[in-house]
Amino acid sequence: MPDYSEFIQKYPAYDRTHDIDELRDRDYPRLDRMGQVYLDYTGGGLYAESQLKLHQQVLAEHVFGNPHSANPTSQAATRLIENTRERILQFFHADSEEYTVIFTQNASGALKLVGESYPFAPGDRYLLTFDNHNSVNGIREFAHAKGAEVTYIPVSLPDLRIDTTSLEAGLETAAVGKNNLFAYPAQSNFSGVQHPLEWIERAHTRGWDVLLDVAAFVPTNPLDLDKYKADFVPVSFYKIFGYPTGIGALVARRSAIKKLRRPWFAGGTITVASVQGDKFYLAEAPAGFEDGTLDYLNIPAVEIGLNHIQAIGYETIHERVRALTGWLLDNLSALKHSTGVPLVRIYGPLNTVRRGGAVTLNFYDEADRPFDIRYIDKASSQVNISLRTGCFCNPGAGEIALGISAAELTTCFIKSGDDRLSYDDFRLCIDNKASGAVRVSVGLVSNFEDVQALLKFATTLLK
Ligand SMILES: Cc1ncc(COP(=O)(O)O)c(C=O)c1O
């Protein structure tokens with residue numbers, strides 16, 4: 001197997017990221033102590049021990065009460081929450097005059113807020129790329145229910161990028177004087193493709209509000225909302241720095257939020273609500289979009305996490321991820337069985353240009369038959385590798401990558417009707433084709449040894 005000297009010769013910039021090795025030894029020692037090869041950073045980031053200690057310290061040294069009251073413990077919690085909002089805006093280079101931060105449970109919670117509140121009506125448009133997480137796809141159900149038109153822009157093989165002609169044609173379809181929402185991911189959680197942020201302005205000038213899903217992008221890339229002014233930006237913090245789980249945000253432009261109409265009200269979201277008068281008045285954002293009591297004891301951990309990332313620096317994180325991804329791509333695609341059949345088929349770009357650290361693939365045997373992803377899951381787990389298998393909640397990219405046609409899918413869905421469709425039934429229905437894939441994703445504290453462990457595992461599948 002090619003070794004470190006070959007790696008560093010090919011990716012010399014990795015040498016400048018050794019701060020992360022020291023950080024890993026100091027702040028993530030459990031990884032090596034437990035012999036864990038963690039390769040699912042797109043699923044979730046890992047937290048540093050120092051984040052936990054700092055969070056505990058904040059809790060131990062203060063008394064926090066339920067926010068939004070005048071008493072001192074409540075005021076202390078309110079101050080923390082408001083400071084964290086400011087810190088998030090600063091982190092994403094967003095002007096507080098222009099943007100606000102609505103706390104949610106996760107990115108999906110942020111997406112649901114947009115979906116249920118966007119004023120879709122007959123004649124309106126929801127335009128989205130095939131390459132999207134299901135929590136973005138799910139918004140189409142709100143659009144359908146309210147009579148808006150839903151249109152998908154396809155991705156093209158082999159790189160799974162969006163075809164520019166289809167994109168331009170899609171953007172030309174904004175309905176004049178109507179509500180038009182365009183949604184795409186800054187980075188695909190399936191293929192790692194980074195879609196251009198320049199599309200935001202192109203879409204704006206053609207009359208679209210833009211939802212930019214940055215959940216898979218911001219763990220290893222800086223986001224500058226001063227330069228790329230997306231309207232709705234969902235985030236999950238655990239994906240960036242591992243802890244806490246259960247907190248996300250919708251970073252949103254104040255002008256775009258004005259359009260949203262919430263379908264209900266809850267504790268904390270109104271200025272006045274009356275039982276006898278059957279009336280309520282929604283508070284302005286962010287309060288009007290935050291149902292009930294916020295997770296005020298965990299919110300301080302968000303600021304600690306953001307500081308942690310900033311101290312390491314995106315440049316270092318990005319460079320490290322780029323080098324390790326490149327090495328994975330180079331070496332995986334070179335592996336061949338004695339029959340000459342390549343061991344892996346990678347879905348997405350084969351080099352590091354405009355892509356992040358998620359590498360999605362299937363393994364094939366010497367007769368070119370796909371390995372069952374459940375076998376790969378089991379075999380890799382046995383050597384302590386955490387990778388992910390399935391379709392990663394991104395069926396659009398998966399269907400194109402795996403060559404599953406609309407006709408095949410329609411036949412399956414007609415056959416099963418409204419009954420539940422299990423994974424096994426679905427697989428049988430599409431003729432035992434590979435219906436899922438294996439995703440290996442590197443991130444913040446990945447190192448050369450992690451990637452080598454995966455390559456070593458891959459070679460055990462060779463015949
Ligand atoms: C691109 C993308 N969008 C949205 C989500 C949803 O995030 P969550 O499950 O934290 O709500 C994910 C999660 O993997 C993702 O990768």
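General remarks:
- Residues in region 65-81 that are within 11 Å of Leu294 (Cβ to Cβ) and without any contact (Cβ under 8 Å) to a residue 12 or more places away in the chain: Thr78 alone.
- Scanning region 232-248 turns up no residue that is more than 25 Å from the chain's Cα centre (by Cα) and of a type outside the set (Asp, Glu).
- Where Phe289 falls short, out of the listed (1) farther than 23 Å from Leu113 by Cβ; (2) touching a residue at least 60 places away in the same chain (Cβ under 8 Å): (1)
- Taken as a whole, the structure leaves Ala266 outside the set of residues that are touching a strand residue (DSSP E or B) at 6+ places or on another chain (Cβ under 7 Å) and in contact (Cβ under 8 Å) with a residue 12 or more places away in the chain.
- Matching residues, region 347-385, being of a type in the set (A, V, I, L, M) and more than 26 Å from Gln36 (Cβ to Cβ): Leu350, Val353, Ala367
- So Arg161, is it surrounded by 21 or more Cβ atoms within 10 Å (Cβ to Cβ) and modelled with pLDDT of 95 or more: yes
- Residues in region 173-186 include none that are touching a residue at least 24 places away in the same chain (Cβ under 8 Å), within 24 Å of Val442 (Cα to Cα) and more than 14 Å from the ligand (Cβ to nearest atom).
- Residue in region 251-261 that is of a type in the set (Val, Ile, Thr) and surrounded by 15 or more Cβ atoms within 10 Å (Cβ to Cβ) present: yes
- Residue in region 192-199 that is without any contact (Cβ under 8 Å) to a residue 40 or more places away in the chain, of a type in the set (Val, Ile, Thr) and over 18 Å from Ala148 (Cα atoms) present: no
- Filtering region 395-403 for residues that are charged (D, E, K, R), under 21 Å from the mean Cα position of the chain (by Cα) and away from the ligand (no atom under 16 Å from the Cβ) leaves a non-empty set.
Condition check ((1) small (Gly, Ala, Ser); (2) under 30 Å from Asp226 (Cβ atoms)) across all residues:
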| site | (1), (2) |
| --- | --- |
| Gly44 | yes, yes |
| Leu59 | no, no |
| Phe64 | no, no |
| Glu82 | no, yes |
| Arg87 | no, yes |
| Ala94 | yes, yes |
| Pro122 | no, no |
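- Whenever a residue of region 335-353 is in contact (Cβ under 8 Å) with a residue 40 or more places away in the chain, its partners that are loosely packed, with under 13 Cβ neighbours inside 10 Å, lying with C-beta atoms within less than 7 angstrom and at least six residues away or across chains, give the pairs Leu335/Thr459; His337/Lys463; Ser338/Lys463.
- Looking at region 355-436, the helices (runs of 4 or more DSSP H) lying wholly inside it that each contain 2 or more residues that are without any contact (Cβ under 8 Å) to a residue 40 or more places away in the chain sit at 373-382, 406-416, 423-429.
- Strands (runs of 3 or more DSSP E) (entirely within region 188-265) containing at least 1 residues that are more than 16 Å from the ligand (Cβ to nearest atom): 209-213, 248-253
- Count of region 121-141 residues, restricted to those that are touching a Phe, Trp or Tyr at 6+ places or on another chain (Cβ under 6 Å) and aromatic (Phe, Trp, Tyr), is 1.
- Verdict on Glu86 being within 25 Å of the chain's Cα centre (by Cα), surrounded by fewer than 16 Cβ atoms within 10 Å (Cβ to Cβ) and within 19 Å of Pro244 (Cα to Cα): yes
- Number of the exception - Phe190 against (1) in contact with a helix residue (DSSP H, G or I) (Cβ under 6 Å, 6 or more places away or on another chain); (2) closer than 30 Å to Lys53 by Cα; (3) not acidic (Asp, Glu): (2)
- Looking across region 1-40, the residues that are more than 10 Å from Val445 (Cα to Cα) and among the basic types (Lys, Arg) come down to Lys10, Arg16, Arg26, Arg30, Arg33.
- Residue tally, condition away from the ligand (no atom under 16 Å from the Cβ), over 13 Å from Val235 (Cβ atoms) and part of a helix (DSSP H, G or I), over region 88-135: 2
The values are calculated or read from the model by the stated rules, or taken from the named source; none is laboratory data. Here the structure is a predicted model, which means the values were calculated and not measured. Using ideal geometry, Cβ is built from the backbone for each residue, glycine included, and neighbour counts are taken over all protein chains shown.
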